[in-house]
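See below for the structure under consideration.
The values are calculated or read from the model by the stated rules, or taken from the named source; none is laboratory data. What you are looking at is a predicted structure, and each value in this text was computed from that prediction instead of being measured. As a convention, Cβ positions derive from the backbone with ideal geometry for all residues, glycine included, and neighbour counts pool all protein chains shown.
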């Protein structure tokens, strides 16, 4: 079964760092882009960026460039999303996702269960 | 402000058909046949319903169909069922630095 399993919920204070993970299984992890999507409380889906684990080609939405870092370790089939200094506005659910076919950017049929990040003092 | 514009809400009665729109530009929706639609229930991960404008993933009901004209894509749901009540998001490949853009979402209410 193809699946993405994300790390558990986090509660952090503003200014703290955080790295959440997304582990793929059931397919060749290196050959598919992994995208990250944010959903803030009561709001819509927002595209954050993506990484191609095969060569670590990484692309960011302009809205998130410089705010987060996307990385991957293909040897353990895991992608990461990290913050060096969280802000209260970082409170959201973060989803990772894989496209239905390798080149179908935007067409994500495999999703992680989401990681809830709460940033509060 | 989302790159793709969707109506905030649509509603229909069970058994009816509804169509929701997604308007972009020639740099995203109009320029590529790479529009997707997602169904999102509260507390669940998004579910891919349509990709590449008209294709349905395996397991998605044929009551869901997609189309595109110019810079506007549409999702049609026929034979509305209570379980279709959810938020729906369109998504498109976008030229330039963004790569992927989402619409703001449409809340579907089944009356």
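Assorted remarks:
- Enumeration of residues in the stretch A:63-89 that are under 13 Å from the mean Cα position of the chain (by Cα), more than 14 Å from every other protein chain (Cβ to nearest Cβ) and surrounded by 18 or more Cβ atoms within 10 Å (Cβ to Cβ): A:68, A:72, A:78, A:79, A:80, A:81, A:83
- Residue-level check: of (1) modelled with pLDDT of 95 or more; (2) in contact with a helix residue (DSSP H, G or I) (Cβ under 9 Å, 6 or more places away or on another chain), residue A:39 misses just (2).
- In the stretch B:82-105, of all residues being over 14 Å from the mean Cα position of the chain (by Cα) and in a loop (DSSP other than H, G, I, E, B), the one that is farthest from the other protein chains (Cβ to nearest Cβ) corresponds to B:95.
- Checking each residue in the stretch A:46-58 for being assigned to a strand (DSSP E or B) and crowded, with 21+ Cβ neighbours inside 10 Å picks out A:47, A:48, A:49, A:50, A:51.
- Residues (surrounded by fewer than 19 Cβ atoms within 10 Å (Cβ to Cβ), more than 10 Å from every other protein chain (Cβ to nearest Cβ) and under 22 Å from residue A:3 (Cα atoms)) located in the stretch A:105-121: A:116
- Count of the stretch B:50-68 residues which are more than 10 Å from every other protein chain (Cβ to nearest Cβ), within 22 Å of residue B:16 (Cβ to Cβ) and either at pLDDT below 95 or not in a loop (DSSP other than H, G, I, E, B) (or both): 4
- Enumeration of residues in the stretch A:20-45 that are at negative phi, assigned to a loop (DSSP other than H, G, I, E, B) and surrounded by fewer than 16 Cβ atoms within 10 Å (Cβ to Cβ): A:28, A:40, A:41, A:43
- Per the listing A:60, A:52, A:94, the residue uniquely within 14 Å of chain B (Cβ to nearest Cβ) and touching a helix residue (DSSP H, G or I) at 6+ places or on another chain (Cβ under 9 Å) is A:52.
- Checklist (1) within 23 Å of residue A:17 (Cα to Cα); (2) within 14 Å of another protein chain (Cβ to nearest Cβ); (3) in a loop (DSSP other than H, G, I, E, B) applied to residue A:102, failing item: (1)
- Complete set of residues in the stretch B:33-49 that are farther than 12 Å from residue B:103 by Cα, surrounded by 17 or more Cβ atoms within 10 Å (Cβ to Cβ) and facing chain A (nearest Cβ under 9 Å): B:34, B:40, B:45, B:46, B:47, B:48
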